[in-house]
Amino acid sequence: SIQLYLLLQQKNGGYKIVEKSNERELGGLGGTYFENLEIKNSSVYLQINSKGADYIEPSFYQFKLYNGEWRLIGYRTFHLEISADDSVETDRNLLTGAVIVKKQKGEAKPVVRQSSKKFPKFLLKDFDFSIYLEENR
């Protein structure tokens, strides 16, 4: 199984669990796998990749302590259809609602569209390493 624990070092040198994600069994994830975890600038960044016969789609998540809760504040996906050489990168700021979509065919100049959307609050404690934030949520 896989689960993320956030630990805070105490003055006595020990650690305290301040947040944890949902636990998920590794079986049945298919073409989805955990790629990377990085901590910088007080944020936790995760990369989870999905792949199929003719596509790859890495997803990038940024969690940060916001108003006392470990909250998802950024979510970016990059979807590449391999045989068609079509890609769509979508970057979402869940705090401001800004959405930037960049579509590209091969080496052609990318087409960029900006919009805004109200996103629901999503907390780290609800994350289970299989989450896919649909555009229609």
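The values are calculated or read from the model by the stated rules, or taken from the named source; none is laboratory data. Just so it is clear, the structure is predicted and the values come from calculations on it, not from any experiment. Cβ sites come from the backbone with ideal geometry, for glycine too, and all protein chains shown count toward neighbours. Only protein heavy atoms, including side chains, enter the accessible area calculation; ligands, DNA and RNA are left aside. Shrake-Rupley method; radii C 1.70, N 1.55, O 1.52, S 1.80 Å.
Scanning segment 49-84 for residues that are of a type in the set (Gly, Ala, Ser) and in a loop (DSSP other than H, G, I, E, B) yields Gly52, Ala53, Gly68, Ser83, Ala84.
Within segment 97-111, residues that are in a loop (DSSP other than H, G, I, E, B) have Cβ atoms under 7 Å from residues that are not basic (Lys, Arg) in these pairs: Gly97/Ser116; Gly97/Phe119; Gly106/Asp85; Pro110/Gln104, counting only partners at least 6 apart in sequence or on another chain.
Filtered by the rule that a residue be surrounded by fewer than 15 Cβ atoms within 10 Å (Cβ to Cβ), in contact (Cβ under 8 Å) with a residue 12 or more places away in the chain and farther than 27 Å from Ala84 by Cβ, segment 1-42 gives Ser1, Gln3, Tyr5, Ile17, Val18, Glu23, Glu25, Leu26, Leu37, Ser42.
Kindly indicate whether any position in segment 47-54 is open to solvent by 70 Å² or more (accessible area, probe 1.4 Å) and touching a strand residue (DSSP E or B) at 6+ places or on another chain (Cβ under 9 Å). There is at least one residue in segment 47-54 that is open to solvent by 70 Å² or more (accessible area, probe 1.4 Å) and touching a strand residue (DSSP E or B) at 6+ places or on another chain (Cβ under 9 Å).
Output the residues belonging to segment 41-59 that are more than 22 Å from Val18 (Cα to Cα) and in contact with a Lys or Arg (Cβ under 8 Å, 6 or more places away or on another chain). Result: Glu57, Ser59. Within segment 51-65, being in contact (Cβ under 8 Å) with a residue 24 or more places away in the chain and farther than 21 Å from Pro120 by Cα holds for Asp54, Tyr55, Ile56. Only one of the numbered conditions (1) open to solvent by less than 20 Å² (accessible area, probe 1.4 Å); (2) closer than 14 Å to Thr32 by Cβ is violated by Tyr75, and that is (2). The residue list Gly68, Gly74, Gly14 contains one member that is among the small types (Gly, Ala, Ser) and over 18 Å from Lys125 (Cβ atoms), which is Gly14.
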